[in-house]
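Before any comments, here is the structure.
The values are calculated or read from the model by the stated rules, or taken from the named source; none is laboratory data. For clarity, every value in this text was computed on a predicted model and none was experimentally measured. In this analysis, Cβ positions are derived from the backbone assuming ideal geometry, glycine residues included, and neighbour counts consider all displayed protein chains.
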Amino acid sequence: MKTRSTTILTVRHGGTVAIGGDGQVTVGSAVMKADAMKLRRLADDRVLVGFAGATADAFALLERFEAKLKDYPENVPRAAIELAKEWRTDRVLRRLEAMMTVVDAGTTLLLTGNGDVIQPTDGILGIGSGGNYAVAAARALVAHSSLGAAEIVRSALAIAADIDIYTNTNIVVETLACVK
């Protein structure tokens with residue numbers, strides 16, 4: 001049975017980076033959990049990670065990423081690249097079905113099992129089943145409102161939850177100050 005869950009959104013705006021996620025986990029047509037925590041603080045709260053996909057796979061990747069951060073403590077992009085290389089070439093990791101978004105004070109990154117490490121041009125990144133809806137809403141809110149990053153994330157995720165059946169309104173948002 002296919003597991004579907006999650007919308008994770010990251011917005012870098014107004015001197016703050018915010019990352020948020022909903023809490024819904026769905027198996028087939030049933031909501032199994034409404035308040036799952038899909039965000040983690042790593043590296044003494046200097047790095048925020050959000051994940052989408054199969055839960056066990058996401059946790060396995062999160063552990064690996066945390067180890068890479070210990071190897072490259074001041075270089076999040078390098079840690080992400082090293083994880084992506086390992087993820088793509090390792091026989092066991094290659095089968096993992098998850099995506100991650102990683103942020104620190106200066107970087108926003110998407111990591112996938114295809115070896116992708118992508119930094120969005122505008123600092124807005126969404127993953128998961130409602131990711132595209134949340135990104136569209138966030139871009140509109142950045143352009144046409146005076147909201148801060150955390151409020152944009154919360155509002156855009158609520159909009160995505162109104163559209164995507166695999167996303168709910170049990171939203172958690174974490175923030176970091178950006179590098180000037």
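Please indicate, with yes or no, whether at least one residue in segment 41-56 is surrounded by 13 or more Cβ atoms within 10 Å (Cβ to Cβ), part of a helix (DSSP H, G or I) and out of contact with any Lys or Arg (no Cβ under 6 Å at 6 or more places or on another chain). Checked segment 41-56: at least one residue is surrounded by 13 or more Cβ atoms within 10 Å (Cβ to Cβ), part of a helix (DSSP H, G or I) and out of contact with any Lys or Arg (no Cβ under 6 Å at 6 or more places or on another chain). Go through (1) hydrophobic (A, V, I, L, M, F, W, C); (2) within 19 Å of ARG12 (Cβ to Cβ); (3) in a helix (DSSP H, G or I); (4) in contact with a Leu (Cβ under 8 Å, 6 or more places away or on another chain) one by one and return the number of the condition VAL102 breaks. Of the numbered conditions (1) hydrophobic (A, V, I, L, M, F, W, C); (2) within 19 Å of ARG12 (Cβ to Cβ); (3) in a helix (DSSP H, G or I); (4) in contact with a Leu (Cβ under 8 Å, 6 or more places away or on another chain), the odd one out for VAL102 is (3).
Reported count of residues in segment 121-155, each being crowded, with 17+ Cβ neighbours inside 10 Å, assigned to a helix (DSSP H, G or I) and small (Gly, Ala, Ser), is 7.
Looking at the structure I just gave you, is THR10 modelled with pLDDT of 90 or more, within 25 Å of VAL142 (Cα to Cα) and hydroxyl-bearing (Ser, Thr, Tyr)?
Yes: the conditions hold for THR10.
The residues in segment 13-48 that are in contact with a Ser or Thr (Cβ under 6 Å, 6 or more places away or on another chain), modelled with pLDDT of 90 or more and hydrophobic (A, V, I, L, M, F, W, C) can be counted, and the count is 2. GLY113 passes every criterion in (1) surrounded by fewer than 17 Cβ atoms within 10 Å (Cβ to Cβ); (2) modelled with pLDDT under 90; (3) farther than 24 Å from VAL153 by Cβ; (4) not hydrophobic (A, V, I, L, M, F, W, C) apart from (1).
Could you please let me know if ALA140 is under 16 Å from the mean Cα position of the chain (by Cα), at pLDDT 95 or above and more than 23 Å from ALA98 (Cα to Cα)? Criteria not met by ALA140.
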